[in-house]
Amino acid sequence: MYEELKLHVSEMEPRLKDEDRDEKNKEMLPLHHKDLSLRRLKVIPSDILVDTKIQTLNLDRNKLKSVSGINHLQELKTLILSKNELTDFPMEIQSLSHLEKLELNQNKIQTIPIGIFSNLKDLKHLKLNNNRLSKLPMDLGSCSKLQYLNISHNLFHCFPECILEIKSLKEVYLENNKLQKLPAELFLDLSLKKFKASCNHLREPPDEVCVGGLKQIRSYFLQLQKTQAREEKRVKVIFIGASLAGKTTINRSLTQGQTVAVSLKERTVGIEVSEFHIQDLTFLFWDFAGHLEYYVTHHVFITPYALTILVVNLHRYQVGNEQIFMDLVGFWIKNLVMRVPNSVVLTVGTHTDLCQPGEVEEKTKDIEERIYRMLDEHKANLTHFVNNLEERQDSELYLEQTDKLRELSNCTVHVLSVFPIDCTHYNDIEKLQNHILNTVYKEELFPNIIKMLPPIYKVVENAILEVKQNEETPQHGIMDLDHLLSEVMLKTNSDLDKHLLKDILRYLHRIGLIVWYEDIKPLVNTVFLKPSFLITIFKMLVRHDLYNQLGAIPTEVLISERAFKRDVLKWKEMLQSKAMIRLQAIRVLVKHQLETLCLQDTEDLFHDLIGRGAQKGKLLSLFMHFQICMSVRNIRTLNPRAPEFVPGNPWSVKDTQKELCYLFPTYLNNFMEVTERWGGDHHEDVHIRVYFSPQVPEGFFQRLMVKSCSFYSTHWVEKDNFLLANNGKALLVKQFNQRADSYLEIRSRKPKRSGDFQSLWDFKLTILSIAEKLCKEWPGLFYYIRSPCRTIGCPDEFEWPDMEGTESIYDMIKEDFKTCETCCNTVNMELILPKATGHTKDPFLPPTIHVTNYGVASIVSHQ
């Protein structure tokens with residue numbers, strides 16, 4: 001991703017001034033191509049309708065409710081009517097017999113009459129996504145040249161059979177509908193190249209198969225040609241809640257069939273995973289630790305289509321105490337709203353035996369009322385955003401944001417009534433078990449609890465279970481991929497295709513039974529048969545008591561790594577002051593943790609996790625992949641073999657493996673280094689704010705920091721802000737995360753030369769691109785960008801239009817100045833929004849470099 005961003009920024013061409021650019025664009029457009037997008041049109045201009053030679057007509061982002069007269073454009077090949085106000089499919093389109101590309105996405109169309117597509121014999125590209133369609137007309141099948149079809153974000157419950165008649169199809173998109181079954185013919189008879197069907201209610205094939213792409217879906221249906229699918233019922237159950245709420249007690253009591261008392265020393269550190277069977281259902285229990293230090297790893301394992309059990313200590317809960325509610329309940333609900341917006345949440349109240357008579361009823365009622373009030377407030381905020389955008393005079397610039405808001409408004413976190421229990425009585429545990437069963441059997445809550453699978457999937461799963469339980473399998477369950485495949489083939493007594501076995505492994509990974517990170521290069525040949533041990537790996541370095549763990553390392557372990565007690569003092573100080581851990585300290589911590597687990601072959605496992613020589617091990621590969629940490633060079637020595645020094649070029653330095661350190665943002669404090677280097681905010685600063693609703697997700701800022709600082713090697717960091725430098729320019733990113741006021745601020749000094757504005761905006765847009773990609777991991781999160789007014793004391797802000805890539809942002813900004821609606825002052829556009837200036841970029845000015853204790857450079861601006 002970083003290389004793509006670098007390439008994108010470096011290849012941006014100098015832009016023309018607005019008026020010159022518009023004229024040039026007109027000249028560049030072919031004579032018979034007309035672009036009338038963003039004109040607020042309610043009717044198509046008459047001069048367009050009489051130009052019968054038009055071949056391309058772009059009417060994107062207007063106010064059209066009909067397209068009367070368009071049937072006169074007999075030569076039309078491309079018609080774009082997306083993001084208008086059409087409620088009826090335009091009958092006039094049937095006359096456009098030469099049409100090859102038709103886009104009607106993001107309207108309000110409910111039905112398409114029969115008889116239109118039978119006249120569009122040349123149609124190759126059709127976009128109907130984001131409408132209100134539940135059926136397609138049968139004559140769509142007569143479009144024998146159609147290659148691209150998008151019907152995502154509609155209301156389809158059944159797959160439209162007419163699609164199967166179109167043998168020319170190459171791309172089909174069906175996301176966000178209500179489909180339960182897909183036909184085998186779609187994948188075995190058509191030559192599809194691209195296909196997406198996420199966010200449906202799919203049972204055949206299951207979502208976990210579809211995520212694997214066309215190859216895995218075809219493999220699935222090829223197996224079903226040999227034998228009939230079998231029903232599988234499996235539910236993932238996630239236990240969340242504050243520390244010491246009773247999650248582990250409930251988990252173990254359910255799985256062991258008796259009341260289990262959990263001591264303070266046995267509480268969950270990280271995540272525990274266990275399997276449980278009730279009747280014909282298989283439950284996979286994931287018990288998440290409550291400390292916030294662990295939450296940075298939670299997002300890796302919290303997935304959709306799971307039952308989330310939020311455990312609340314009723315004895316600790318206080319009626320009317322807002323902070324206690326947020327700590328024990330609100331924090332978890334808000335993060336679920338952002339991470340899995342359609343999740344089902346069962347709140348379980350524990351420690352009822354310690355409550356006074358009448359307290360349990362009073363507290364459960366208070367919790368329920370506050371949760372519903374919080375969710376209602378969130379929906380009201382989304383509706384408010386929608387209304388504000390729709391009422392704007394330039395509302396066509398915000399259609400993407402409006403659609404996203406409407407989509408989020410339709411998402412519902414199903415929060416069930418609080419279920420109070422006394423964990424010391426097994427009768428209460430049994431009642432909870434029955435309540436869980438009744439909940440997951442409700443189809444409206446769990447529409448895809450049933451998965452239809454080829455029998456071979458279960459055969460392979462059972463074989464893997466045998467391998468896992470085999471005495472010769474390492475206790476930690478980490479196995480080489482080829483070794484596992486050969487073992488499975490042996491146990492199934494069949495010559496299974498390796499590609500099929502890998503597809504089944506991918507499915508088992510997605511349901512959480514095993515873990516195989518094939519997208520992480522150092523782990524591509526590694527399978528974690530026991531996900532619980534993977535969590536053990538995570539908690540070796542991500543834990544609430546890491547500082548104490550450093551102090552508890554035995555002398556023998558220190559000696560084995562050629563370390564001393566004085567080194568431990570340095571490690572502890574470095575962790576506290578800089579949130580950094582030396583590689584040597586990591587080696588010692590991991591070795592100590594492995595010894596306490598009493599595992600076999602710990603030496604081989606140790607080198608497997610840490611790596612050998614310059615080769616990075618599995619542990620840090622995992623952490624860096626999930627943006628939990630980043631590598632830094634704490635000390636650099638001059639390289640005596642370096643070539644001669646050249647001004648402007650970095651000085652060659654000598655690095656050693658022992659000097660390598662890793663920065664963990666979750667341990668950062670605000671030790672003021674960024675603040676001091678930045679030198680305070682100035683009124684002249686050019687800054688923007690990225691607002692988040694309902695809030696900045698927990699762990700988001702730390703991951704943004706890791707991604708950004710890995711991209712720009714010159715950086716300084718603190719808990720809630722970080723400073724980047726690029727070509728002598730500084731960029732400060734700060735986090736403000738308070739109720740009803742959650743945003744990131746991206747701030748830079750005002751350039752002295754007008755020609756520097758574009759490179760500065762490119763710098764900011766790169767960070768926004770990183771943030772945008774991160775936001776996709778929180779589907780229930782809404783964010784929007786604003787630039788504060790430049791007038792001192794004015795609280796108003798200028799809203800950004802839809803951000804569909806940096807080029808489109810530049811293209812949307814037409815004006816040179818913007819007037820604030822509050823203070824009525826006029827502001828130069830390039831101070832508040834990225835605007836193509838038309839100036840050629842200045843030649844590269846090499847920054848002056850001063851090596852710091854982070855091994856990065858001080859800022860010396862050339863402005």
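The values are calculated or read from the model by the stated rules, or taken from the named source; none is laboratory data. Nothing here was measured: the structure is a model prediction, and the numbers come from that model. Every residue, glycine as well, gets a Cβ built from its backbone with ideal geometry; the counts of neighbours run over all protein chains shown. To get the accessible areas, we keep the full protein, side chains included, count just its heavy atoms, and leave off ligands, DNA and RNA. Shrake-Rupley method; radii C 1.70, N 1.55, O 1.52, S 1.80 Å.
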Practice prompt. May I ask you to say which residue of Asp802, Asp816 is modelled with pLDDT under 90, open to solvent by 30 Å² or more (accessible area, probe 1.4 Å) and among the acidic types (Asp, Glu)?
Written response: Asp816
Fill in: Considering residues of the stretch 535-565 that are over 30 Å from the mean Cα position of the chain (by Cα) and among the hydroxyl-bearing types (Ser, Thr, Tyr) only, the residue surrounded by the fewest Cβ atoms within 10 Å (Cβ to Cβ)
Thr555
Worksheet item: Within the stretch 229-260, how many residues turn out to be touching a strand residue (DSSP E or B) at 6+ places or on another chain (Cβ under 9 Å), more than 17 Å from Thr439 (Cβ to Cβ) and open to solvent by 30 Å² or more (accessible area, probe 1.4 Å)?
Response: 5
Discussion item. Please determine whether any residue of the stretch 282-295 is aliphatic (A, V, I, L, M), open to solvent by 10 Å² or more (accessible area, probe 1.4 Å), within 21 Å of the chain's Cα centre (by Cα) and at pLDDT below 90.
Written reply: yes
Worksheet item: Hey, does the stretch 78-97 have a residue that's touching a residue at least 24 places away in the same chain (Cβ under 8 Å), in a loop (DSSP other than H, G, I, E, B) and open to solvent by 60 Å² or more (accessible area, probe 1.4 Å)?
Response: no
Discussion item. Going through Val690, Val706, Val696 one at a time, which residue ends up being assigned to a loop (DSSP other than H, G, I, E, B), β-branched (Val, Ile, Thr) and open to solvent by less than 10 Å² (accessible area, probe 1.4 Å)?
Written reply: Val696
Response to the item:
Given (1) modelled with pLDDT of 90 or more; (2) buried (at least 18 other Cβ atoms within 10 Å of the Cβ); (3) among the hydrophobic types (A, V, I, L, M, F, W, C), Phe736 misses just (2)
Fill in: Among (1) outside any helix (DSSP H, G or I); (2) in contact with a Lys or Arg (Cβ under 7 Å, 6 or more places away or on another chain), the one test that Lys616 misses
(2)
Worksheet item: So Val568 clears everything in (1) open to solvent by 10 Å² or more (accessible area, probe 1.4 Å); (2) assigned to a loop (DSSP other than H, G, I, E, B); (3) hydrophobic (A, V, I, L, M, F, W, C) except one condition, right? Which one?
Response: (2)
Worksheet item: Which of the residues that make up the stretch 199-220 are of a type outside the set (D, E, K, R) and touching a strand residue (DSSP E or B) at 6+ places or on another chain (Cβ under 9 Å)?
Response: Leu202, Pro205, Pro206, Val209, Cys210, Gly213, Leu214, Ile217, Tyr220
Worksheet item: Restricting attention to the stretch 721-731, which residues are over 20 Å from Cys775 (Cα atoms) and open to solvent by less than 10 Å² (accessible area, probe 1.4 Å)?
Response: Leu723, Leu724, Gly728, Leu731
Fill in: Meets criteria (of a type outside the set (Val, Ile, Thr), in contact with a strand residue (DSSP E or B) (Cβ under 9 Å, 6 or more places away or on another chain), part of a strand (DSSP E or B) and within 20 Å of Asn448 (Cβ to Cβ)) for Phe187
no
Discussion item. I'm checking my understanding of the structure. Among residues of the stretch 405-416 that are free of Cβ contacts under 8 Å to residues at least 60 places away in the same chain and in contact with a helix residue (DSSP H, G or I) (Cβ under 8 Å, 6 or more places away or on another chain), which one is surrounded by the fewest Cβ atoms within 10 Å (Cβ to Cβ)?
Written reply: Arg406
Worksheet, complete the sentence: Within the stretch 347-369, the residues that are out of contact with any strand residue (DSSP E or B) (no Cβ under 9 Å at 6 or more places or on another chain), open to solvent by 30 Å² or more (accessible area, probe 1.4 Å) and under 16 Å from Met326 (Cα atoms) are Lys365, Glu369
Worksheet item: Can you pull out the residues in the stretch 733-768 that are of a type in the set (Ser, Thr, Tyr) and assigned to a helix (DSSP H, G or I)?
Response: Ser754, Ser759, Thr766
Discussion item. Restricting to the stretch 641-681, and then to whatever is of a type in the set (A, V, I, L, M, F, W, C), touching a strand residue (DSSP E or B) at 6+ places or on another chain (Cβ under 9 Å) and modelled with pLDDT under 85, can you tell me which residue is surrounded by the most Cβ atoms within 10 Å (Cβ to Cβ)?
Written reply: Leu660
Practice prompt. List the number of the failed condition for Ile436; all other conditions in (1) over 30 Å from Glu361 (Cα atoms); (2) open to solvent by less than 50 Å² (accessible area, probe 1.4 Å); (3) of a type in the set (Val, Ile, Thr) hold.
Written response: (1)
Worksheet item: Picking from Asp428, Asp422, which residue would you name as being assigned to a helix (DSSP H, G or I) and either more than 31 Å from the chain's Cα centre (by Cα) or of a type in the set (Asp, Glu) (or both)?
Response: Asp428
Response to the item:
Those residues of the stretch 379-391 which are touching a strand residue (DSSP E or B) at 6+ places or on another chain (Cβ under 8 Å) and either open to solvent by 30 Å² or more (accessible area, probe 1.4 Å) or among the aromatic types (Phe, Trp, Tyr) (or both) amount to Asn381, Phe385
Worksheet entry | Residues of the stretch 340-357 classified as out of contact with any helix residue (DSSP H, G or I) (no Cβ under 8 Å at 6 or more places or on another chain) and either within 14 Å of Val418 (Cα to Cα) or part of a helix (DSSP H, G or I) (or both), total | 3
Worksheet entry | the stretch 303-339: number of residues that are open to solvent by less than 10 Å² (accessible area, probe 1.4 Å) and part of a loop (DSSP other than H, G, I, E, B) | 2
Practice prompt. Please work out if Thr402 is part of a helix (DSSP H, G or I), surrounded by 18 or more Cβ atoms within 10 Å (Cβ to Cβ), over 30 Å from the mean Cα position of the chain (by Cα) and polar (S, T, N, Q).
Written response: no
Discussion item. Considering only the stretch 311-330, I want to know if a residue exists there that is touching a Ser or Thr at 6+ places or on another chain (Cβ under 9 Å) and among the acidic types (Asp, Glu).
Written reply: no
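Go through the stretch 106-183 and tell me which strands (runs of 3 or more DSSP E), entirely inside it, have 3 or more residues that are at pLDDT 95 or above, open to solvent by less than 80 Å² (accessible area, probe 1.4 Å) and more than 19 Å from Asp60 (Cα to Cα).
Result: 171-173.
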Worksheet item: Hey, does the stretch 75-93 have a residue that's at pLDDT 95 or above, hydroxyl-bearing (Ser, Thr, Tyr) and either under 23 Å from Tyr398 (Cβ atoms) or over 35 Å from the mean Cα position of the chain (by Cα) (or both)?
Response: yes
Worksheet, complete the sentence: If we ask which residues in the stretch 709-720 are open to solvent by 10 Å² or more (accessible area, probe 1.4 Å) and closer than 15 Å to Tyr662 by Cα, their number turns out to be 3
Fill in: Selection from the stretch 98-111 of residues that are touching a helix residue (DSSP H, G or I) at 6+ places or on another chain (Cβ under 8 Å) and either of a type in the set (Val, Ile, Thr) or under 19 Å from His33 (Cβ atoms) (or both)
Leu99, Leu102
